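Here's the structure, in structure tokens; my notes come after.
The values are calculated or read from the model by the stated rules, or taken from the named source; none is laboratory data. Since the structure is predicted, the reported quantities are computational estimates derived from the model, not experimental observations. Neighbour counts are summed over all protein chains in view; Cβ atoms, including those assigned to glycine, are modelled from backbone coordinates with ideal geometry. For the accessible areas, the whole protein counts, side chains as well, though only heavy atoms, and no ligand, DNA or RNA atoms are used. Shrake-Rupley method; radii C 1.70, N 1.55, O 1.52, S 1.80 Å.
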Amino acid sequence: MSKLKIAIQKSGRLYEDSLQLLKDCGILVNNGKEQLKVSVDNFPMEIMYLRNSDIPQYLEDGVVDVAIVGENLLIEKQKNIPIIQKLGFSKCRVSLAVPKEVESDDPTYFQGKKVATSYPNTLRNFLEKENIVSDIHVISGSVEIAPNIGLADGICDIVSSGSTLFKNGLRETVTLLKSEAVLAQTPRLSPEKEIILEKFLFRIKAVLKAKKSKYILMNVPNHKIEKVAGVLPVLKSPTVIPLAEEGWSSIHSVIEEERFWEVIDELKENGAQDILIIPIDKMVI
């Protein structure tokens with residue numbers, strides 16, 4: 001039987017979250033990251049631990065079938081790799097940054113300046129669109145120290161919290177792109193492996209949907225059930241269970257995390273009481 005070959009970073013920002021996603025999908029990994037290839041007992045999958053920068057090429061060549069990788073890396077490597085699912089973790093941005101004493105946020109600051117980066121293609125594309133000519137210095141790692149040692153007038157680098165920039169006397173000015181971890185697919189996937197991928201993707205969507213939702217229980221007067229039910233649009237219909245106290249029912253449903261407090265306020269306004277919120281492990285719709 002064919003196995004779906006999935007690549008994840010052998011170290012770095014995405015490593016732990018990638019393994020956690022596999023665990024949440026019920027996929028049990030048998031070893032640690034020191035091995036290149038790892039078997040999975042309970043799903044037709046092989047896990048390959050690769051260097052982050054190598055993953056796009058492995059996908060393009062069909063050496064691996066899918067990969068959990070940063071969207072920013074795929075853009076930088078300029079590979080024609082389909083993204084089939086955004087995963088919601090390892091969110092970051094590729095941004096320009098300047099020494100904190102520079103007052104301007106305008107990208108024209110970089111006209112004729114030296115810029116250090118490990119994202120030359122992303123930077124070059126941005127500068128061309130802005131009609132800015134800069135001297136690009138490509139370095140790998142520790143980009144943020146370049147202005148301090150006189151190598152560059154500013155940088156283009158990946159930013160998460162911004163704390164690294166702050167520690168090195170830099171500040172973020174312009175965001176070139178926003179990124180997060182994605183599931184990417186080789187263009188060379190066989191029909192048999194496409195079936196396995198669909199099963200894997202089904203599990204991922206169930207996990208992601210659960211993380212964006214909360215299970216909610218509340219007590220509602222029977223004459224207000226219709227109004228309360230109208231505030232709960234996530235499922236086809238809420239579950240209504242009569243309470244021991246006459247004229248009251250318990251309503252069970254799901255609400256979206258991003259609208260949580262807004263929905264709670266609406267529920268209270270429409271008569272809901274004793275509201276309980278419970279995390280959801282998986283959500284299959």
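Tabulated data for the structure shown
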read-out: Between 0 and 90°, nearest 10: helix 15-24 axis offset from the chain longest Cα axis; value: 20 degrees
read-out: Fully extended contour minus Cα-Cα distance, from Asp281 to Lys86, at 0.36 nm per residue; value: 68.3 nm
read-out: Percentage relative contact order, the chain, counting C-alpha pairs under 8 Å, at least six apart; value: 19 percent
read-out: Residue-normalised accessible area of the chain, expressed per residue, 1.4 Å probe, Å²; value: 53 Å²
read-out: Within the chain, longest stretch clear of exposed GluC sites (Glu not before Pro) (DSSP loop, no more than 16 other Cβ within 10 Å); value: 35-100
read-out: For segment 89-193, alpha-carbon Rg relative to the globular expectation (2.2 N^0.38 Å, N residues); value: 1.22
read-out: Pairwise label distance in nanometres, Glu180 with Glu245, each label 7 Å out on the Cα-Cβ vector; value: 4.0 nm
read-out: Cα convex hull volume per residue for segment 1-155 (Å³); value: 134 Å³
read-out: Acute angle (nearest 10 degrees) that the helix 191-211 long axis makes with the longest principal axis of the chain, alpha-carbon atoms; value: 70 degrees
read-out: Three-way shape call for the chain based on the alpha-carbon gyration tensor, with the a/c threshold at 1.5; value: oblate
read-out: Exceeding the 20 Å Cα-Cα cut-off - candidates Lys236/Lys282; Lys86/Lys282; Lys79/Lys199; Lys86/Lys205; Lys77/Lys167; value: Lys79/Lys199; Lys77/Lys167
read-out: Around Glu257: net Lys/Arg minus Asp/Glu count, Cβ-Cβ under 12 Å; value: +2
read-out: For Ser140, solvent-accessible area (1.4 Å; no DNA, RNA or ligand), Å²; value: 110 Å²
read-out: Segment 246-285 shape via C-alpha gyration tensor axes, a/c threshold 1.5; value: oblate
read-out: Nonlocal amide H pairs with Val64, under 5 Å, H built at 1.01 Å; value: Leu59
read-out: Phi-based couplings in Hz for segment 252-269 (Karplus 6.51, -1.76, 1.60; Gly and Pro marked x); value: 10, 6, 10, 10, 7, 4, 5, 10, 3, 5, 4, 5, 4, 4, 5, 5, 5, 4
read-out: For segment 103-114, 3J(HN,Hα) per residue [Karplus equation, 6.51 cos²θ - 1.76 cosθ + 1.60, θ = phi - 60°, Hz, x = Gly/Pro]; value: 7, 7, 9, 6, x, 5, 3, 7, 4, x, 9, 8
read-out: Portion, in percent, of the accessible area of the chain that falls on carbon or sulfur, probe 1.4 Å; value: 49 percent
read-out: Two-decimal Rg/Rh across segment 142-285, once Rg and the Kirkwood Rh are taken from alpha-carbon atoms; value: 1.22
